[in-house]
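As structure tokens, the structure follows; a few thoughts come after it.
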Amino acid sequence: MKTFNSVAALRTQIADWKKAGLRIGFVPTMGNLHAGHFALVELARQHSDKVVASIFVNPTQFGPNEDYARYPRTPDSDINGLAGKACDALLLPSVEEMYPFGTMGCVQMHVPGITDILCGMHRPGHFNGVAQVVARLFNMVQADVAVFGRKDYQQLQVIRYMATEMSFPTRIIPAPTLREADGLAMSSRNQYLEDEQRQTATFIYQTLNFMKDQASLGMPIHGIEAEAKQRLEMMGFVVDYAEIRRSDLSRAIEPNEKNLLALIAARLGRTRLIDNLEFDFA
Ligand code: PAF
């Protein structure tokens with residue numbers, strides 16, 4: 001695997017691959033890679049000839065009181081892991097390479113509507129930062145396909161919207177959520193959890209299943225959401241939201257509509273966890 005710190009050098013490599021008729025798959029990450037990320041690399045490989053990953057902890061998607069400074073940075077083990085998955089290239093840019101005029105002087109992005117709900121409501125500016133960095137990365141890599149996990153479902157929707165609306169030539173491929181044996185969705189933030197919190201964290205997935213089961217029984221949506229929130233609070237979570245929505249993230253009206261998903265964002269101490277469960281009552 002070749003590692004590139006400069007976009008110019010990566011572009012030369014990608015231009016050579018494209019000249020040879022090879023398709024490029026892209027996996028953007030913030031590093032601290034786990035099995036969930038490696039599954040994204042494998043999925044990208046199924047849709048392309050050469051896989052490019054990026055590792056960049058993007059400052060513009062963190063709020064002032066969030067974990068940008070303490071976000072785990074583990075480049076050596078990330079590089080070994082990606083090489084072990086036969087990733088072909090890694091873009092590892094500096095903040096200066098990504099934001100040549102600084103993060104205050106950079107072009108802003110805003111995806112309207114969808115960024116004002118759910119995580120967007122609780123993390124103002126977060127999705128603007130995600131859209132801003134993903135647009136830059138898409139321009140840098142010019143991939144045929146890019147893979148994003150379904151665990152960050154709202155992020156996936158924001159990126160799909162942006163890619164369609166701005167005519168990016170990169171096709172977005174969603175990847176299923178990988179879970180630990182007890183159901184906890186894999187996340188770099190899980191390692192912040194102390195032992196007891198780690199056990200409590202499994203309750204998020206249990207509550208998502210509870211929401212799904214209640215919806216399948218035809219229980220009213222507002223009642224399900226209120227009970228899910230209450231259950232999480234009783235376990236010690238501070239709940240940002242526990243909601244049932246349609247797959248386009250508009251509000252669900254009836255529990256037995258098709259293409260629904262339950263979404264939870266909740267905090268245990270300083271650690272904010274998100275997860276979702278898609279369901280369908282055919
Ligand atoms: O999901 C992530 O890790 C990040 O939000 C992404 C898409 C790499 C943008 O920084």
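The values are calculated or read from the model by the stated rules, or taken from the named source; none is laboratory data. Not measured: the values here are computed from a predicted model. Glycine also receives a Cβ, built like all others from the backbone with ideal geometry; neighbour counts cover every protein chain displayed. Please note that ligands, DNA and RNA were not included when accessible areas were found on the heavy atoms of the full protein model with its side chains. Shrake-Rupley method; radii C 1.70, N 1.55, O 1.52, S 1.80 Å.
Is there a quick way to get the dipole size of segment 1-71? I mean about its Cα centre, with the Cβ of Lys and Arg at +1 and of Asp and Glu at -1; what is the value in debye to the nearest 20?
360 debye
Using label points projected 7 Å from each Cα along Cα→Cβ, tell me how many nm separate GLU42 and GLU194, to one decimal.
Each label point is offset 7 Å from its Cα along the Cβ direction, giving 3.5 nm.
How big is the charge dipole of the chain about its Cα centre, in debye rounded to the nearest 20, if each Lys and Arg gets +1 on its Cβ and each Asp and Glu gets -1 on its Cβ?
680 debye
ASN209 to HIS222: extension gain in nm, 0.36 nm per residue of separation minus the Cα-Cα distance? Each step should come with its number before you reach the end.
Values: separation 13, 0.36 × 13 = 4.68 nm, distance 1.60 nm.
That pair, ASN209 and HIS222, stretches by 3.1 nm at full extension.
In the chain, what is the count of Lys pairs whose alpha carbons are under 27 Å apart, counting only pairs at least 8 residues apart or on separate chains?
Here the count comes out as 17.
By how many nm would the segment from PHE281 to SER6 grow when fully extended, if each residue of separation counts as 0.36 nm and the alpha-carbon distance is taken off? Please list the in-between numbers first.
Details: separation 275, 0.36 × 275 = 99.00 nm, distance 4.84 nm.
That pair, PHE281 and SER6, stretches by 94.2 nm at full extension.
Rounded to whole Å, give me the distance from the Cα center of segment 199-238 to that of segment 122-187.
Value for the Cα centre distance between the two parts: 26 Å.
Please report the carbon-and-sulfur percent of the accessible area for the chain; probe 1.4 Å, protein heavy atoms only, DNA, RNA and ligands left out.
Working: 6770 of 13110 Å².
The nonpolar share, carbon plus sulfur, comes to 52 percent.
Once Rh is set to the Kirkwood radius over Cα pairs, what Stokes-Einstein translational diffusion coefficient, in µm²/s, holds for the chain at a temperature of 10 °C and a viscosity of 1.306 mPa s?
On the way: Rh = 19.7 Å.
In µm²/s, the coefficient rounds to 80.
Can you give the accessible area per residue of the chain, in Å², using a 1.4 Å probe? Intermediate values should be presented prior to the final figure.
Values: 13110 Å² over 282 residues.
On a per-residue basis, the chain sits at 46 Å².
When you take every Cα atom in segment 97-154, what is the radius of gyration, and what is Dmax, the widest Cα pair distance, in Å?
Cα-based Rg and Dmax for segment 97-154 come out at 12.6, 33 Å.
Enumerate the residues in segment 247-277 having an amide nitrogen under 17 Å from the point lying 7 Å beyond the Cα of ASP67 toward its Cβ.
264-276
Could you calculate the contour length gain from LYS258 to HIS110, that is, 0.36 nm times the residue separation minus the distance between their Cα atoms, to one decimal place in nm? Spell out each step's value before the answer.
On the way: separation 148, 0.36 × 148 = 53.28 nm, distance 2.95 nm.
Result for the pair: 50.3 nm of gain on full extension.
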